[in-house]
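The values are calculated or read from the model by the stated rules, or taken from the named source; none is laboratory data. From a predicted model like this one, the values you see are computed outputs, not experimental measurements. As a convention, Cβ positions derive from the backbone with ideal geometry for all residues, glycine included, and neighbour counts pool all protein chains shown.
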Amino acid sequence: MSTRAADAWDPRDLPPQDGRSYLVTGANAGLGFFTSEKLARAGAHVIMSGRHPNRLQAAHDALEARVPGASVETLLLDVANPGSIRAAAASVRGGLFQRARLDGVVFNAGVVHTPHARETTRDGRELVFATNALGHFVLGAELLTQLAKAATPRHRPRMVWLGSVSTLLGRYAPEDPQLESGYGGWKAYVQSKVAVQALGFEADARLRDAGVPVDSVVAHPGYSIGGRSPRVTGVNEPGLLKRLRDGLQAPIAQGKDTGADPIVRALLDPSIEGGEYWGPRLLTRGEPARQRPSATSSDPEVRARLWEACEHLAGLTWPFEKAARAAR
């Protein structure tokens, strides 16, 4: 747990982010929307990305209504589709947005309600792993140089990988990342989140070794559910039954607006260092605190093996040397 004072960080009073720009994947709902809203309230320019145009526009309009004067744009991005990832990243690199710089990215998009039977993407990758882990691995590679360009002696851009408390509930060492045998919905979810966390920790180690001034941090939202989240038209509209059902879980659950706090702190708090792991203080709920990740996701051998597997599946390597040069 963190040794920092509990009152050292106030989620309701974030450090000003004027002049900075952040990309959030899966921003049209849930944690992604509330993360975007908090960043916009702090004065940041936010690029909200998602794969459904209508839902993304609804989220954009809702955020502008809730945060008058917000600086926000949208970007179509399907993290399960490598072509979509590369096109979206090219748009960011090409300066097609209001601000050319990129100070951070939140790898939030993901499959939570996993299919009962194994499904694959257009390029033959297992859907849950491709969406939660592999797609963000590709996006990180595509945006790394752009992030490095925003580094200054007093500012290190960040990438935040979205982990899960579920990684503490079982030892799912990803020997078979795509679950080509023995698929199960729960196993697919947990194993993909083990992979996300392992990639986040490995990314930070490799960034440091390469001298790239970009930090990689992992954060999880605890047990954050829609029925305990604020109602936002077009974004979060749980019915009465869901409100009642989720309300019964109040002792262990929180709203997704609160679940976004560890993510935002991992992105913005200048006292946090790369390679750290953040989540709710009470594990499933509470204010952000530094925590200890699962032994599997922090295992150096697991991390290296997953990184190499993702390089093979994605057919790319991260441009560490190019990013290091871009930051000079």
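Details
- Within the range 13-52, tally of residues that are of a type in the set (Asp, Glu) and buried (at least 24 other Cβ atoms within 10 Å of the Cβ): 1
- When every residue of the range 209-221 is checked against the conditions, at least one turns out to be over 28 Å from Pro115 (Cα atoms), assigned to a helix (DSSP H, G or I), over 14 Å from the mean Cα position of the chain (by Cα) and of a type outside the set (Asp, Glu).
- Selection from the range 218-245 of residues that are without any contact (Cβ under 8 Å) to a residue 60 or more places away in the chain and either over 24 Å from Val165 (Cβ atoms) or of a type in the set (A, V, I, L, M, F, W, C) (or both): Ile225, Arg231, Glu237, Gly239, Leu240, Leu241, Leu244
- Selection within the range 306-315: residues that are without any contact (Cβ under 8 Å) to a residue 60 or more places away in the chain and in a helix (DSSP H, G or I). The member of this set that is farthest from Pro82 (Cα to Cα) is Glu308.
- Being touching a Leu at 6+ places or on another chain (Cβ under 6 Å), more than 24 Å from Pro11 (Cα to Cα) and at pLDDT 95 or above holds for only one residue in Ala198, Ala203, and it is Ala198.
- Matching option when the condition is among the hydroxyl-bearing types (Ser, Thr, Tyr) and closer than 20 Å to Glu311 by Cα, among Thr145, Thr167, Thr152: Thr145
- Positions within the range 60-101 being among the hydrophobic types (A, V, I, L, M, F, W, C) and over 17 Å from the mean Cα position of the chain (by Cα), in sequence order: Ala62, Leu63, Ala65, Val67, Ala70, Val72, Ala87, Ala90, Val92, Leu96, Phe97, Ala100
- Boolean, Arg231 is surrounded by fewer than 14 Cβ atoms within 10 Å (Cβ to Cβ) and closer than 19 Å to Ala59 by Cβ: yes
- Scanning the range 181-197 for residues that are of a type outside the set (S, T, N, Q) and under 16 Å from the mean Cα position of the chain (by Cα) gives Tyr189, Val190, Lys193, Val194, Ala195, Val196.
- Some residue of the range 253-266 being farther than 20 Å from Pro230 by Cα, surrounded by fewer than 22 Cβ atoms within 10 Å (Cβ to Cβ) and out of contact with any strand residue (DSSP E or B) (no Cβ under 6 Å at 6 or more places or on another chain): no
Table: residues versus (1) surrounded by fewer than 16 Cβ atoms within 10 Å (Cβ to Cβ); (2) in a loop (DSSP other than H, G, I, E, B); (3) among the acidic types (Asp, Glu).
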site: Pro238; (1), (2), (3): no, yes, no
site: Arg245; (1), (2), (3): yes, no, no
site: Ala250; (1), (2), (3): yes, yes, no
site: Trp278; (1), (2), (3): no, no, no
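- Here Ala44, Ala40, Ala8 are screened, and the one residue that is among the aliphatic types (A, V, I, L, M) and at pLDDT below 95 is Ala8.
Results for (1) surrounded by fewer than 24 Cβ atoms within 10 Å (Cβ to Cβ); (2) under 19 Å from Leu134 (Cβ atoms), shown as yes or no for each residue.
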residue	(1), (2)
Lys149	yes, no
Arg154	yes, no
Glu175	yes, yes
Gln191	no, yes
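- Residue in the range 167-188 that is out of contact with any helix residue (DSSP H, G or I) (no Cβ under 9 Å at 6 or more places or on another chain) and of a type in the set (A, V, I, L, M) present: yes
- Filter pass, Glu119 being among the acidic types (Asp, Glu) and either under 26 Å from Ala150 (Cα atoms) or buried (at least 22 other Cβ atoms within 10 Å of the Cβ) (or both): no
- Within the range 67-104, considering residues that are farther than 18 Å from Gly19 by Cα and of a type in the set (D, E, K, R), the one surrounded by the fewest Cβ atoms within 10 Å (Cβ to Cβ): Arg86
- One residue stands out in the range 284-302 among those that are closer than 13 Å to Leu199 by Cβ and not in a helix (DSSP H, G or I): the one that is farthest from the chain's Cα centre (by Cα), namely Asp299.
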